[in-house]
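Coordinate-derived values only; no laboratory data. Predicted model only: the values in this text are computed from it and were never measured. With ideal geometry, Cβ positions are generated from the backbone for all residues, glycine too; neighbour counts draw on all protein chains shown.
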Amino acid sequence: MWLIYALGGGWGHLTRAVALASVAQVDRPVRVLTNSAYASLIAAAMPALDVVMLNPCAQAELTRRAVQRVIAECRPECLVVDTFPRGIGGELAGVLGRLDATKVLVHRDLNPRYVTSAGLREFVTANYDLVLVPGAGEGLELGDLPITVATTPWLVRSADQLPDRSAVRSVLRLSPCDDACILVCASGNKDELDWYGAVYSAIRELNGAAPVRVVSAERPPSCAEEHSICYWPAMDLFGCASVVVGGAGYNIVRECAAWGVPLVAKPWPRMYDRQELRARNAGAHARSTIAHAPEAAAKSALEHFERSVPEPPRFVNGAIDAVRLVARFRSN
Amino acid sequence: MTPPLPPGWKCTRRVGFLFPHDCQRTTPVGCPDCQNGAIDDPYRSCSDRYGYDYYDDYDNSYFLGYAYPLVAGPDVPYDSSMEFTEADGADLVKPDEEFENDMTGS
């Protein structure tokens, strides 16, 4: 069995793990370990997935012990660790050396201060067999290690798995005269929901005729019920979005780039992830802009808004390559 | 003896005269704060203040009546709560990031 460690807040770690697990589980059993507050929503959308959900509100020490217990009970032949080489609470540090498994690190961007203070370069070199960088720009800290391999971005859907446009129109409840909308993806942490609600209100105030939808786990208080969608994965809906407003986390930036849909990104402060850096890099290569104030985001979204829809995307899902790389490494 | 250091190593101990901050030296050899890496956190045990033995000796007699009017204005009476204490340091620096403590970080 492959065990994918995907602890961490928000949607991102789990979504990336699901992208990998969806491909990997075709040929072997895969289990995903998470403490995301959104785990039950994702598990409901992916019933074939084996997900172990830890309480996101549990005390750190309880979570550390639970992680160690799950690894001991699972006895994986391959442990894939997302983002945090030592575990998000350092709980893997004493485990990896004793674990008889192929150890793979998924190297999303990491705060260089943490990399230095925790001695991660030395730790990864000593404890991991393979480091995978899921897309250019993510592997700035450990990308030069000899065990590192980069792939194209990992996405939770491959291009041929995306739903057709009529199904998306129905999910978004678009009127017959609207082919596309402004899609506000209110992901991230719950305390950031108000910002997205303010963007929605500002768009409505600036142009009441522009169709706008908010996709989120929880409806922002200021968002009209008929414009609020609870749906995962949001990238399914981008086929009817002429512009997306969101954060600058790994998934939304990569998904928008894959679709070729403009992103108005609000980089949120994170302890480990440098969203501002990712947003700036995205802006250099794709149709992405940065906005900090809700009003600025609303104006930018309206500038990008057209009633046309993006062309069907033709991206290559890096998760397929990643599974192939891990499998090949294990067979050598 | 100091063990070999990896390339790009920077000291993560806290140092400082009044307020703690990252050391960032590239070697502990000859470091007056950690004494060649012998002290884990020099700030915790720092007592000499680099020889400024009277750094906190600024009572009325020291300033001869000049300092307080300059700070508080001529009509404001002296109040001992206006003095800096060691505890003020914590308010004047950004606290160290506490990595690996927040299990919902990202």
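Which of A:Gly89, A:Pro112, A:Val124 sits closest to the plus end of the dipole of chain A, meaning its Cα is farthest towards the positive end, when Lys and Arg get +1 and Asp and Glu get -1 on the C-beta?
The listed residue farthest towards the positive side: A:Val124.
Over what distance in Å are the Cα centres of region A:114-191 and region A:205-274 separated?
First find each Cα centre; the distance between them is then 15 Å.
Order of B:Ile39, A:Ile320 from fewest to most other C-beta atoms within 10 Å?
Lowest to highest Cβ neighbour count: B:Ile39, A:Ile320.
Given a Förster radius of 60 Å and the C-beta distance between A:Leu41 and B:Val29 as r, what FRET efficiency does 1/(1 + (r/R0)^6) yield to the nearest 0.05?
Working from the Cβ atoms, E equals 0.65.
For A:Val133, list long-range residues whose amide hydrogen, built 1.01 Å from N in the peptide plane, is under 5 Å from its own amide hydrogen.
A:His107, A:Val149, A:Ala150, A:Thr151
Any idea what the relative contact order of region A:181-332 is, in percent, if you count C-alpha pairs under 8 Å spaced at least 6 apart?
The normalised contact order for region A:181-332 reaches 24 percent.
Please rank A:Ser170, A:Ser242, fewest neighbouring Cβ atoms within 10 Å first, as an exposure proxy.
A:Ser170, A:Ser242
Send over the semi-axes of the protein assembly as shown's equivalent ellipsoid, whole angstrom and largest first, taken as the square roots of 5 times the C-alpha gyration tensor eigenvalues.
Taking √(5λ) for each eigenvalue gives 45, 32, 18 Å, largest first.
In terms of the Cα gyration tensor, with a ≥ b ≥ c the square roots of its eigenvalues, is region A:54-131 rounded because a/c is under 1.5, prolate because a/b exceeds b/c, or oblate?
oblate
Tell me the angle of helix A:294-304 to the major Cα principal axis of chain A, expressed in degrees between 0 and 90 and rounded to the nearest ten.
That helix lies at roughly 70 degrees to the long axis.
Cα gyration tensor of region A:290-332, axes a ≥ b ≥ c as square roots of the eigenvalues: rounded (a/c below 1.5), prolate (a/b > b/c) or oblate?
Taking the square roots of the gyration eigenvalues as a ≥ b ≥ c, region A:290-332 is oblate.
Please go through region A:60-92 and write out the trypsin sites (Lys or Arg not before Pro) that DSSP classes as loop and that have at most 10 other C-beta atoms within 10 Å.
Here no trypsin sites (Lys or Arg not before Pro) fit, given the DSSP loop and packing criteria.
Report the gain in length on full extension from A:Glu311 to A:Gln59: 0.36 nm times residue separation, minus Cα-Cα distance, nm rounded to one decimal.
Roughly 86.1 nm would be gained on extension.
Debye sum, Cα scatterers, region A:201-327, no solvent: what log₁₀ I/I(0) at q = 0.14 1/Å?
For region A:201-327 at q = 0.14 Å⁻¹, log10 I(q)/I(0) is -0.65.
Within region A:234-278, whose backbone N sits under 16 Å from a point 7 Å along Cα→Cβ of A:Leu145?
none
Taking the beta-carbon count within 10 Å as an exposure proxy, list A:Arg113, A:Arg307 from fewest neighbours to most.
Lowest to highest Cβ neighbour count: A:Arg307, A:Arg113.
Could you derive backbone 3J(HN,Hα) for region B:98-106 from the dihedral phi with the Karplus parameters 6.51, -1.76 and 1.60 (θ = phi - 60°), listing whole Hz in sequence and x where the residue is Gly or Pro?
Taking θ as phi minus 60°, the curve returns 9, 5, 6, 10, 9, 6, 10, x, 8 Hz for region B:98-106.
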